[in-house]
1. On a full-extension model of 0.36 nm per residue, what is the gain between residue 76 and residue 282, subtracting their alpha-carbon distance, rounded to one decimal in nm?
2. Quick check: residue separation of residue 174 and residue 298 times 0.36 nm, minus the Cα distance between them. What number comes out in nm?
3. Which value at 222 nm does the chain reach when only helices count, each DSSP H run of 4 or more adding -39,500 (n - 2.57), with the total divided by all residues and rounded to the nearest 500 deg cm²/dmol?
4. For the pair residue 55/residue 228, report the inter-label distance in nm, with labels modelled 7 Å from Cα in the Cβ direction.
5. Can you tell me the orientation of helix 209-226 relative to the chain, as the angle in degrees between its alpha-carbon axis and the longest Cα principal axis, to the nearest 10?
6. Can you order the peptides 288-294, 269-275 by their average number of other Cβ atoms within 10 Å per residue, highest first?
7. At a Förster radius of 25 Å, what calculated FRET efficiency corresponds to the Cβ-Cβ distance of residue 125 and residue 7, to the nearest 0.05?
8. What is the list of residues in the stretch 128-154 whose amide nitrogen lies under 16 Å from a point 7 angstrom out from the Cα of residue 167, following Cα to Cβ?
């Protein structure tokens, strides 16, 4: 019961730190300090993978846990080489290095606990080899079938088993991205609009340009007027939409006014963004936030 309680607390902590926008190594390090500060002699292992599905990049952090296993499209299955740290709760100031791996379409990523590969009758190395053999012979198209083969092909176990599989299929069109650091000068919004116009025209975005410039004006104005520190703008063009995001150093989420009088000189920015974009929102980032908006886009429109 005590171990289950600790595990639940750690899962909640990891999720909370991840939602705040921290990178994987920071997420695991903060969860480790939290557990180390609790009045318990228990610890927990952790395998954390952050996946960029558009770029095909897996960022992995290990805390006393088994590394992921990759099944490549050519059938070769192998453990990822991932430098690890100690289990959570052992050393408060432990370091947890992050390892990046590129995934090509057709790759299977497998996360598992040692209950699947180790028992009193099975050495860990032999268990991992068996998993790799099953993956090499499996049909990666049927991920559920692969999971059934892995779980059902070992026999009696001494411990619980957790297994997670993901097949990365890639994307036909890689999104185009561009970043701009907004200068805190009197003409900051003008410079941001000019950068946006140049970038979108080079990407072939024409009919949506006026809407994009209006959103940029409002988001950048809000960031400059209501926050301190650096402001950045990110443009992302995918197959069907344009995303405009402005990052600032304030963790306070923007609040849309319920009502604005005709005499007011401000307060309409988010109302304009909401009326112009198909979707908008705010997400926390390390030490600040990102306010984003999306508008639809069709190639050749």
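We did not get these values from a lab; they are worked out from the coordinates using the rules stated. Keep in mind that what you see is a predicted model, and the values were worked out from it rather than measured. Methodologically, a virtual Cβ is constructed for each residue, glycine included, from the backbone with ideal geometry; neighbour enumeration extends over all protein chains shown.
1. Numbers: separation 206, 0.36 × 206 = 74.16 nm, distance 4.15 nm.
Result: 70.0 nm gained on full extension.
2. Details: separation 124, 0.36 × 124 = 44.64 nm, distance 1.49 nm.
Result: 43.1 nm gained on full extension.
3. For the chain, the value works out to -10000 deg cm²/dmol.
4. 3.1 nm
5. Helix 209-226 and the main axis of the chain meet at about 80 degrees.
6. Numbers: 288-294: 21.0, 269-275: 16.6.
Going by the mean number of other Cβ atoms within 10 Å, highest first, we get 288-294, 269-275.
7. 0.45
8. Backbone N within reach: 135-150.
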